[in-house]
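Scroll down for the structure; my scribbles are underneath it.
The values are calculated or read from the model by the stated rules, or taken from the named source; none is laboratory data. Note that the coordinates shown come from a computational prediction; the quantities given were computed from them, not determined experimentally. Counting neighbours? That spans all protein chains shown, and the Cβs are built from the backbone with ideal geometry, glycine included.
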Amino acid sequence: VLSTIRFFAAGRAVSQPRVSDGKGNDHKIMAPAGHAIRGWRNQVKAAAQRAMGAQRPLVGSIVLEVEFVFRRPQRLCVERTDPLKEGEFYIDQRVDHTSDPDWDNIGKAVSDALKMVVWVDDCFVSRAIVDKRYADRDETPGVWVTVSQRCAACKVHHGRCLTCGAAR
């Protein structure tokens, strides 16, 4: 791996707006001026700019990892001293977020926010890993973003690049 950038953007993840043509085809649309997506993308962009510093946007093969952290609802905040009821989880248990927003729509919003900041264009993302979960106790909701640039000469053998040592 040539370069790795990791940062956190606090806030509530917002889906990239899309419009359907009625035939099952979704198309990206411009968000209206007051849409929450604009504020969310600005949060992500500002965090990315701080992480990048003076570094120029990346080109070449890129791996994107995003871990969305959502506010934990009260029903998932049971203390260990209390008995669990049906559908409850203890506050210190990891709980996957398996409801809206969809992973691809919130992932696209983050990806768009990183254009010309972390990378020149999101077409360079050759691998993406998305995780959605509820926040742990006292954890701030938002998104953890890790971007790794792969070396151009990557030759994979048993899951590891022989050139740069990156796990694949």
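For segment 38-150, list the strands (runs of 3 or more DSSP E) that sit wholly inside it and hold at least 2 residues that are of a type in the set (Lys, Arg) and surrounded by fewer than 19 Cβ atoms within 10 Å (Cβ to Cβ); which are they?
On the way: elements: 62-70, 125-134, 142-149.
By residue number, 125-134.
More than 22 Å from ARG41 (Cα to Cα) and at pLDDT 80 or above: is that true of SER99 in this structure?
In short, no.
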